[in-house]
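The values are calculated or read from the model by the stated rules, or taken from the named source; none is laboratory data. Bear in mind that the values here come from a model prediction, so they are computed numbers and not experimental data. Counting neighbours? That spans all protein chains shown, and the Cβs are built from the backbone with ideal geometry, glycine included.
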Amino acid sequence: MWTWLSDYNYDFALATIPIQVILMIVYIMRQQLPTRQSRSFMLVMVMNIIMTVMDIISCELNEVWQEYPILLSYALNIAYFLAFIIRGWGLFDYAASVVDTASRWGRKFTLILALPALFVCGLILSTPWAGTIFTMDPVTGYHNLGWYNSIYFSTWFYIIASVLLMLVCRKDVVFKAKTGIYICNVILAVGIIYRHAFMHVLVTSYFSLLAILIIYLTTQNPDSFRDRVVDVLNRAAFTEMVMDFVLHKRQFSCFGISIKNYSAYKTVYGSETMYKSLREIGLWLTHEFRSFYVFYLGNGQMVMLNHDAEYNDIQNLAIKIQERFHYAWSENGGAQVPLPINLVFISKGVPKNSVRSVELGLEQAFVEAERRDNAMVYVADEALLTKLKRQERVRLQLRKALRDKTMEIHLQPLYNVHTGKLTALEALARLRDEQLGFIPPAEFIPLAETEGDIMELGRQIFAKTCQFVSETDLDSLGIEFLTVNLSPAQCMNYSLGDELERIAMQHRISMDKIRLEVTESAIGDMDSLLEQMRRLKNCGVGFLLDDFGAGSSNLVRVMNLPFAMVKIDMQLVWSYFRSASNMLLHIVRMFQEDKMTIIIEGVEDKHMAQQLAKMGCDYEQGYYFSRPLPPEELLVFLQEHRDYDWLT
């Protein structure tokens, strides 16, 4: 039984030491991200161990100070107080890294908030000469002095500052991280109160350990940043690391490896076999290229990050990787044949403004590498970077337009062959940017789909169309109906009918003036789509099959849905007039026999309009009649062309 010299109770402090040591060993053994969060957390763990050990030793030494050099007592007590202050600041710095104070308010903000800790550390270091925090009297030993409570003031300051940071930035912090920081600061506050209530019980390090465990379990567990199957860093780790590099303006290069036709190989060999192959690939890359961080992004794609690599540096790397992929990954039951790969590289000199821009750069680079299908490394060039910059601009403008509800609609007339008049309109989404001008739908529609904004975009375009209908006397213009496109994502929405009906009611219009255009690609869940179509049909809405012939058409599925109209894709129309194919004739006859109204798009001149009318189509649409126009220009155009003869 150990006999202690002082009257202090060390039970809590002693209990924390093995737990802290084990936690640090586990943490260090796993690969850590070189981010501010990781560094701050590591600092807190180190300071807590130092604080715990120094607290016990200094308390014991303070009982026999006369037997040892007085400077040793000062040194041990100073080490304890410094560790105490730095640990408190480190926990705040961790919270600051979570909310990213550097990018929000600048680095000066971080430096200013470090001043209390620096000031108290200065007081601690000056103690042997200035007698600020404590003194070691040669006769009476250790005594607290006037500035002693400044160490608790510093701790309380950083606890309150951490909580305030979370409150101010609560909308931008994930729930798990936010909750963890709240809880750990409550624990620290309770620990300080308990310490003051029981001065002879060393509990500070115990409560600090509880706070460390909360952070570890909520956000800093290294295993949460590793792919459990492939056993390398995962996409979450990639996002975290790139975000840290971007925020701190640290240059880095990206080297990407993508298995060609990964889905096909996964189907042939099975998921388990491909995962074993990926695990072997990840292990090999980590072992062979230790200066790189290896990440698995999913779908057979891996990325390696490095601060220094340039194009010349990665040539040997690429050769080594290609040579290894010439052999099967079958050591532990992996794929029995070589896996073909694409290699891409984005150098550190390429500007990287956000995590999304890096992800887009890699995605586009992989697409280009697949398209070019060569054995060389595809390097992101200036053209790709220009394209990505434009995409980023379009993405930001799309988000802004959806947030501010400034999306526009343009309307393109449809020519009625039977009446010789323009009797229908198609509403088309338009996005305007002050730098880029009007952005083509082919650019922003795919972005809206990948960014998860397509549902809101569809709602706003439908609302704009309803507003136009409510503000315009369509009957006086001879307009029978308007068509609005539905995206595949909207067609999967079980509440689609309720949403559209509610929007129409808000604008006080009857939905019998609306025809909804559904592409073949939207016909996924037949039962769900059929249910929505029946509901909307009861409200007077008609349905139009859009872009027939643009994809792999499934006539059986199409005929099972209540389409009254079909729009034939312009590529089929142009092929017919280039004498490349007679398919258009057969398609028109087929739909005529089924009594469906036929719309032909892509009509560019009078000759096409005349021939298509003779063929038996019902409506024609294209630039021969008019390009899509803003609502105010369209009204003028319709008035001016009310009696225009389009076919003679």
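Do we have E382 as closer than 30 Å to K260 by Cβ, at pLDDT below 85 and either surrounded by 15 or more Cβ atoms within 10 Å (Cβ to Cβ) or in contact with a helix residue (DSSP H, G or I) (Cβ under 7 Å, 6 or more places away or on another chain) (or both) here? Taking the combined requirement at face value, the residue does not satisfy it.
Quick grid of which residues meet (1) under 19 Å from Q412 (Cα atoms); (2) in the same structural domain as R535 (by TED's automatic domain parsing); (3) surrounded by 16 or more Cβ atoms within 10 Å (Cβ to Cβ):
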| site | (1), (2), (3) |
| --- | --- |
| T423 | yes, yes, yes |
| D473 | yes, yes, no |
| Q490 | no, yes, yes |
| M505 | no, yes, no |
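Remark: pairs (first residue in segment 325-345, within 23 Å of L362 (Cβ to Cβ) and in contact (Cβ under 8 Å) with a residue 12 or more places away in the chain; second residue among the hydrophobic types (A, V, I, L, M, F, W, C) and surrounded by fewer than 13 Cβ atoms within 10 Å (Cβ to Cβ); Cβ separation under 8 Å; 6+ apart in sequence or on different chains) = L343/M376. Looking only at segment 293-311, residues that are at positive phi, assigned to a loop (DSSP other than H, G, I, E, B) and surrounded by fewer than 17 Cβ atoms within 10 Å (Cβ to Cβ) come to 1 in all.
State which residue is surrounded by the most Cβ atoms within 10 Å (Cβ to Cβ) when the search covers only segment 324-338 and only residues that are in contact with an Asp or Glu (Cβ under 7 Å, 6 or more places away or on another chain) and not polar (S, T, N, Q). Applying the filter and picking the extreme gives W329. Got at least one residue in segment 635-642 being more than 30 Å from F438 (Cα to Cα), part of a helix (DSSP H, G or I), in contact (Cβ under 8 Å) with a residue 24 or more places away in the chain and touching a helix residue (DSSP H, G or I) at 6+ places or on another chain (Cβ under 6 Å)? There is no residue in segment 635-642 that is more than 30 Å from F438 (Cα to Cα), part of a helix (DSSP H, G or I), in contact (Cβ under 8 Å) with a residue 24 or more places away in the chain and touching a helix residue (DSSP H, G or I) at 6+ places or on another chain (Cβ under 6 Å). Just give me the residues in segment 606-617 being touching a helix residue (DSSP H, G or I) at 6+ places or on another chain (Cβ under 9 Å) and surrounded by fewer than 20 Cβ atoms within 10 Å (Cβ to Cβ), in sequence order. Correct list: H607, M608, Q611, M615, G616. Of the residues making up segment 321-348, those that are of a type outside the set (S, T, N, Q) and under 23 Å from the mean Cα position of the chain (by Cα) number 4. Wholly within segment 538-624, which helices (runs of 4 or more DSSP H) include no fewer than the required count, namely at least 3 residues that are modelled with pLDDT under 90 and not assigned by TED's automatic domain parsing to the domain that holds P488? Filter on segment 538-624 gives an empty set.
The residues of segment 126-144 that are part of a loop (DSSP other than H, G, I, E, B) and within 17 Å of A79 (Cα to Cα), listed by number, are S126, G131, T132, I133. Could you pull out the residue among I281, I321, I314, I341 that is surrounded by 12 or more Cβ atoms within 10 Å (Cβ to Cβ), touching a Ser or Thr at 6+ places or on another chain (Cβ under 7 Å) and of a type in the set (A, V, I, L, M)? None of the other options fit; the residue is I341.
Only one entry in R228, R250, R290 is closer than 30 Å to Y94 by Cβ, assigned to a loop (DSSP other than H, G, I, E, B), within 24 Å of the chain's Cα centre (by Cα) and free of Cβ contacts under 8 Å to residues at least 12 places away in the same chain, namely R228.
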